[in-house]
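The values are calculated or read from the model by the stated rules, or taken from the named source; none is laboratory data. Because the structure is predicted, anything quoted here is derived from the model rather than measured. Cβ atoms come from the backbone with ideal geometry, glycine included; neighbour counts cover every protein chain shown. Side chains are part of the model used for accessible areas, which takes the heavy atoms of the whole protein and leaves out ligands, DNA and RNA. Shrake-Rupley method; radii C 1.70, N 1.55, O 1.52, S 1.80 Å.
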Amino acid sequence: VATFITRRNIYVVNAASQLDWGPLAVQKLYNVGCISGDTVAEVNGALYWVADGPRVVRWDGSGPPQDISHQRVSVRLNAAPTANWNLWFARYHAKREGAYYCLYMVPSGATTPTMRLDYNVSRDAWEPVVYYTSGGTAIAFRGASVRAGGSDVSELYQVNAAGDIFQAESGLTDNSAGIRIRFATKKFSVGGIALA
């Protein structure tokens, strides 16, 4: 039995040999497809990918895929230009805080993947990440890989559009550029002047 994901659906093939092929050998399981094959990544035994919408889904092989695009990440996904979905890609990355599905995407107003959406599987939480040059320009990425072998640690290395390779989340800077910090809170009245 083999399962495959197309642009629009998930199918299962029930044929172990040529003798098994027939009208019922290929069956549609779910109406959930994948907009870019490079967004498929396995994290802790489940597959994650970007489906139509766009929305990120998780599937462990039993039951229909779950939509995990929630909170503020769905707004970012919905605002992304459809013309650049083919540039999106994802990687699995294990960090001290847990296992992550890291989705590199083209955000609204951009034409290259300058935003990474990190999904912490154990905490069920999304975090948007953008890396900047020392001049304040968002860095566009073309690829990423987790270091394997030769070390006890598994750092995430990223390749920008110029072909430069650097390690993500290293020290107090990102590739010698200061890490920008942004946060948002719920609106609440403090009755006067307040500082954050």
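Do we have any residue at all in segment 70-80 that's assigned to a strand (DSSP E or B), over 24 Å from residue 122 (Cβ atoms) and open to solvent by 10 Å² or more (accessible area, probe 1.4 Å)? No, the conditions are met nowhere in segment 70-80.
Of the residues that make up segment 153-170, is at least one touching a strand residue (DSSP E or B) at 6+ places or on another chain (Cβ under 8 Å), under 22 Å from residue 98 (Cα atoms), modelled with pLDDT under 85 and among the aliphatic types (A, V, I, L, M)? Yes, that holds for at least one residue.
Do we have any residue at all in segment 58-65 that's modelled with pLDDT of 95 or more, in a loop (DSSP other than H, G, I, E, B), surrounded by 13 or more Cβ atoms within 10 Å (Cβ to Cβ) and in contact with a Ser or Thr (Cβ under 8 Å, 6 or more places away or on another chain)? No, because not a single residue in segment 58-65 is modelled with pLDDT of 95 or more, in a loop (DSSP other than H, G, I, E, B), surrounded by 13 or more Cβ atoms within 10 Å (Cβ to Cβ) and in contact with a Ser or Thr (Cβ under 8 Å, 6 or more places away or on another chain).
Restrict the check to segment 130-138 and report whether at least one residue is surrounded by fewer than 16 Cβ atoms within 10 Å (Cβ to Cβ), in contact with a Pro (Cβ under 9 Å, 6 or more places away or on another chain) and either part of a loop (DSSP other than H, G, I, E, B) or on the phi > 0 side of the Ramachandran plot (or both). Yes, that holds for at least one residue. Taken over segment 1-35, the criterion of being open to solvent by less than 60 Å² (accessible area, probe 1.4 Å), at pLDDT below 90 and polar (S, T, N, Q) is satisfied by 17 alone. Annotation for segment 93-102: no member residue is open to solvent by 30 Å² or more (accessible area, probe 1.4 Å), closer than 25 Å to residue 158 by Cα, of a type in the set (Asp, Glu) and modelled with pLDDT of 95 or more.
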